[in-house]
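To start, the structure itself, in structure tokens.
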Amino acid sequence: MNSNFSKVFINNKWVEAPTKLDIKSPYDGQLVGKVGIANAELMTQAIAAADKAFAEMKHLPVYKIADGLSKMKQYFIDNLEEVAKDLSDEAGK
């Protein structure tokens with residue numbers, strides 16, 4: 001597998017994280033991926049962006065929220081095998 005998620009998603013943009021963490025399978029210790037770790041500055045930016053997004057989203061009509069959830073569901077359906085493999089590798093199963 002070896003997925004690389006070294007960036008963090010903040011305010012609709014992928015931002016390079018200053019620190020990376022190796023994710024190893026608890027089953028055999030093999031590297032299965034890397035993830036980015038946000039520092040305090042990026043966390044502050046993420047919290048501010050989340051607060052702003054919440055203020056905007058709380059006024060969205062239910063049908064728009066349902067449409068977004070439907071798109072997420074379709075993504076998981078379309079990528080079920082890849083998502084299942086990633087979760088299985090991370091869990092060491």
Point-to-point label distance, ALA40-MET72, nm (Cα→Cβ direction, 7 Å offset): 3.1
Work out how much length GLU56 to SER3 would gain on full extension: take 0.36 nm times their residue separation and subtract the Cα-Cα distance, in nm to one decimal. 15.8 nm
Using only alpha carbon positions, build the gyration tensor of the chain, then give the equivalent ellipsoid semi-axes as the square roots of 5 times its eigenvalues, largest first, whole angstrom. 29, 22, 9
So what are the ³J(HN,Hα) numbers for the range 38-52, from phi and the Karplus equation (6.51, -1.76, 1.60; θ = phi - 60°), rounded to whole Hz, Gly and Pro as x? 6, 8, 4, 5, 5, 5, 4, 4, 5, 5, 4, 5, 5, 4, 5
Using the alpha-carbon atoms, what tilt in degrees (0 to 90, nearest 10) does helix 62-78 show relative to the longest principal axis of the chain? 20
Regarding the range 43-93, what's the average projected area of the Cα-atom convex hull, expressed in nm²? 5.2
Choice from ALA49, ALA17, ALA66 with maximal GNM fluctuation in the chain (Cα, 10 Å cutoff): ALA66
Search the structure for amide H atoms under 5 Å from the amide H of VAL32, placed 1.01 Å from N in the peptide plane, and list their residues when 5 or more places away or on another chain. ILE23, LYS24, SER25
Helix 80-91: angle to the longest alpha-carbon principal axis of the chain, degrees 0 to 90, nearest 10? 60
Can you compute the modelled spin-label distance between VAL15 and ALA91, with each label point 7 Å from Cα toward Cβ, in nm? 3.2
Taking amide H positions as placed in the peptide plane 1.01 Å from N, state which residues far from ILE10 in sequence (5 or more) or on other chains have amide H under 5 Å from it. VAL15
Sequence-distant residues sharing a close amide H with LYS20 (under 5 Å, placed H): ILE37
Identify the GluC sites (Glu not before Pro) of the range 30-93 meeting these criteria: DSSP loop state and at most 14 other C-beta atoms within 10 Å of the C-beta. none
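Any read-out appearing in this document is the output of simple, stated calculations on the displayed coordinates, not a laboratory observation. Remember, it's a predicted structure, so these values are computed and weren't measured experimentally. So basically every Cβ, Gly included, is an ideal-geometry build from the backbone, and we count neighbours across all protein chains shown.
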